[in-house]
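Report on one structure; see the data block that follows.
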Amino acid sequence: MNQTISTLDAFLAHAHELEREAVERYEDLAGQMEVHNKPELAELFRKMAAIEQQHVDKVEGLAGGEPRTLAPWDYQWQDPESPESIPVGQGHYRMNPYQALSLVLACEERAEAFFANVAENADDPAVRESALQFAAEEREHAELLKVWLARYPEPKAEWWQDLDDPVSQE
Amino acid sequence: MNKAEPLVSRYSHEDYKSTVKPIWCPGCGHFGVETSLFRALAYLELPPEQVAIISGIGCSSRIPAYTQCYGFHGVHGRAPAVATGLKLARPELTVIVTSGDGDAFSIGGNHFIHACRRNVDMTLLVMDNEVYGMTKGQPSPTSPADWDSKIAPGGTGFSPFASLAVALASGANFIARGFSGDPNGVARLLVEAIQHPGFSFVQVLSPCVTYRPEERFWKKTVHPSSVESTNDPAVAGHRLLSDDGFTTGVFYVGNRPCYSATVDTSNHDLRAIEEDLAL
Ligand SMILES: Cc1ncc(C[n+]2csc(CCOP(=O)(O)OP(=O)(O)O)c2C)c(N)n1
Ligand code: SF4
Ligand SMILES: [Mg+2]
């Protein structure tokens, strides 16, 4: 789907929501990892939340405050969820750093594709310029993440298998 | 949707989320439902203290602890009864029941039917994962007949409970289905359900990634309805009974009269109620 976001206001509203939801989801995942005694992954997701929060602040700086919000279903995302959020359903209690970073990398790549698509389809030069800047930043993040990811060994194909059944939660 | 567009919403996720961290398994669909619920409440600009979230028992029923709204973590299957009493005593509150397929359709099946029939103005949100998640993976009334599990090798052999059709036949006034992997779509259904007068039933397909890992693929199975909702129960009934169970959208928006008698609580302070109970 091609993104037709025609005004700078609408663009900033999208950029803000995309970054805000990324923070929200990373915070949620950090909490999940704490609950499941995975402090290393909790720290990783908290770090990502802090990075994305800087983007929220940056968008607010550009917009001169919090941009207007749309109804959740009126944002023009290409998927059911905003591009920089790890989709609901992709978490796993046996997640490892390699897998977590792969999910984060996919977020950055989706965000870059989103902004590039907006730039490509924008008539307004201000929207195009901003979108290109955001895309470049996401690309930079993706490159850094690839370096980070290379530090971890790729897990065995069936990393999620648990020989001991999950215990009851109550 | 009746709402004047604000420049900036007064509420966000943070206003509804409590500091209690969910103990759901990472990847559980219920996380998506929680997100949808908070987005719907924020869209409607409902102050947390004007919302009551009532639940039964199950992983899905843990939601009240995870919100800043008023909540009541009730007895297994009985949440609609608690919610009915609350709504009649405090009609100004937005009352939402959060439940699971076991809670709402198994032990709570009778309450479900009569809550639909009474048509009190509240919303029932059922997170349907076709399994009892909390008690470690037993088949529920919505499990497919041939779902092979340790407790029912080869499957139970029973037809799944057609919850939306039962809700329609029992008198619910708004009937919809969503998928937890589409939190914005579910938020929209919840907004419509809350706004619509009477008893609204929203079934959300919400994968249990631990005991039904194959449900992770529901994201490929669900498909949006290709037709508009109807206010004709016969049309809705035909659609629901011929549906594959994975169509999302609003099926029925009725105009059945809702039960609106309220309970006069003015002469009943807590002490008087306690004294009555002691007798
Ligand atoms: C009176 C009573 N009977 C049985 C139970 C055991 N029990 C706890 S949760 C549950 C099933 C919950 O399933 P569901 O509503 O589908 O929720 P899920 O965990 O799948 O989200 C059962 C049978 C109980 N807590 N109380
Ligand atoms: S057992 Fe299933 S329903 Fe319960 S939290 Fe885990 S994934 Fe969710
Ligand atoms: Mg269940």
In region B:111-161, residues that are polar (S, T, N, Q), out of contact with any Phe, Trp or Tyr (no Cβ under 6 Å at 6 or more places or on another chain) and more than 10 Å from B:Asp101 (Cα to Cα) total 5
Here are the criteria: (1) part of a helix (DSSP H, G or I); (2) within 14 Å of chain A (Cβ to nearest Cβ); (3) buried (at least 24 other Cβ atoms within 10 Å of the Cβ). Tell me which single one B:Gly178 does not satisfy. (1)
Which count do you get for residues in region B:181-230 that are under 19 Å from B:Thr142 (Cβ atoms), part of a strand (DSSP E or B) and within 12 Å of chain A (Cβ to nearest Cβ)? 2
Looking at (1) crowded, with 21+ Cβ neighbours inside 10 Å; (2) polar (S, T, N, Q); (3) within 14 Å of another protein chain (Cβ to nearest Cβ), can you tell me which one B:Thr248 breaks? (1)
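Identify the residue in region A:76-123 that is small (Gly, Ala, Ser) and within 19 Å of B:Cys28 (Cα to Cα) and, among all such residues, is nearest to the other protein chains (Cβ to nearest Cβ). Let's see the steps before the verdict.
Applying the first criterion (small (Gly, Ala, Ser)) to region A:76-123 yields A:82, A:85, A:89, A:91, A:100, A:102, A:106, A:111, A:113, A:116, A:119, A:122.
Adding the requirement that they be within 19 Å of B:Cys28 (Cα to Cα) leaves A:82, A:85, A:89, A:91, A:100.
Working: A:Ser82: 9, A:Ser85: 9, A:Gly89: 5, A:Gly91: 3, A:Ala100: 10 Å.
Per the criteria, the residue is A:Gly91.
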Let me confirm something: among A:Gln90, A:Gln53, which residue is under 26 Å from B:Ala40 (Cα atoms) and at pLDDT below 95? A:Gln90
Return yes or no: is B:Arg10 over 19 Å from B:Met122 (Cβ atoms) and either surrounded by 24 or more Cβ atoms within 10 Å (Cβ to Cβ) or modelled with pLDDT of 95 or more (or both)? no
Report the residue count in region B:68-87 for those that are surrounded by fewer than 23 Cβ atoms within 10 Å (Cβ to Cβ) and touching a Gly at 6+ places or on another chain (Cβ under 9 Å). 7
Considering only residues that are part of a helix (DSSP H, G or I), within 8 Å of chain B (Cβ to nearest Cβ) and among the hydrophobic types (A, V, I, L, M, F, W, C), which ones fall in region A:60-75? A:Trp73
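Among the residues of region B:82-91, is any farther than 23 Å from B:Arg212 by Cβ, in contact with a helix residue (DSSP H, G or I) (Cβ under 9 Å, 6 or more places away or on another chain) and more than 9 Å from ligand 1 (Cβ to nearest atom)?
As a first pass, look at region B:82-91 and keep what is farther than 23 Å from B:Arg212 by Cβ: B:82-91.
Now drop any that are not in contact with a helix residue (DSSP H, G or I) (Cβ under 9 Å, 6 or more places away or on another chain), which leaves B:83-84.
Subset that is more than 9 Å from ligand 1 (Cβ to nearest atom): B:83-84.
Yes, because at least one residue in region B:82-91 is farther than 23 Å from B:Arg212 by Cβ, in contact with a helix residue (DSSP H, G or I) (Cβ under 9 Å, 6 or more places away or on another chain) and more than 9 Å from ligand 1 (Cβ to nearest atom).
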Checklist (1) crowded, with 17+ Cβ neighbours inside 10 Å; (2) free of Cβ contacts under 8 Å to residues at least 12 places away in the same chain applied to A:Gly65, failing item: (1)
Region B:26-80, subset away from ligand 3 (no atom under 16 Å from the Cβ) and of a type in the set (Phe, Trp, Tyr), residue farthest from the other protein chains (Cβ to nearest Cβ): B:Tyr70
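Out of region B:96-110, which residues are surrounded by 24 or more Cβ atoms within 10 Å (Cβ to Cβ) and of a type outside the set (Gly, Ala, Ser)? So that I can check it myself, show each step before the final result.
If we filter region B:96-110 for residues that are surrounded by 24 or more Cβ atoms within 10 Å (Cβ to Cβ), which is where we start, we get B:96-105, B:108.
Selection gives B:Ile96, B:Val97, B:Thr98, B:Asp101, B:Asp103, B:Phe105.
What's the total number of residues in region B:103-131 that are away from every other protein chain (no Cβ under 14 Å) and within 16 Å of ligand 2 (Cβ to nearest atom)? Can you show your working first?
Here is the first cut: in region B:103-131, the residues away from every other protein chain (no Cβ under 14 Å) are B:103-126, B:128, B:130.
If we keep only those that are within 16 Å of ligand 2 (Cβ to nearest atom) too, we end up with B:103-106, B:125-126, B:128, B:130.
So the answer is 8.
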Being more than 20 Å from B:Ala40 (Cβ to Cβ) and near ligand 3 (Cβ under 9 Å from one of its atoms) is the filter here, so list the residues in region B:107-141 that pass it. B:Asn129, B:Glu130, B:Val131, B:Tyr132, B:Gly133, B:Met134, B:Ser140
Any hit, region B:55-67, residues being within 30 Å of A:Arg94 (Cβ to Cβ), among the charged types (D, E, K, R) and crowded, with 24+ Cβ neighbours inside 10 Å: no
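The values are calculated or read from the model by the stated rules, or taken from the named source; none is laboratory data. Keep in mind that this is a model prediction, so the values were computed, not measured. As a convention, Cβ positions derive from the backbone with ideal geometry for all residues, glycine included, and neighbour counts pool all protein chains shown.
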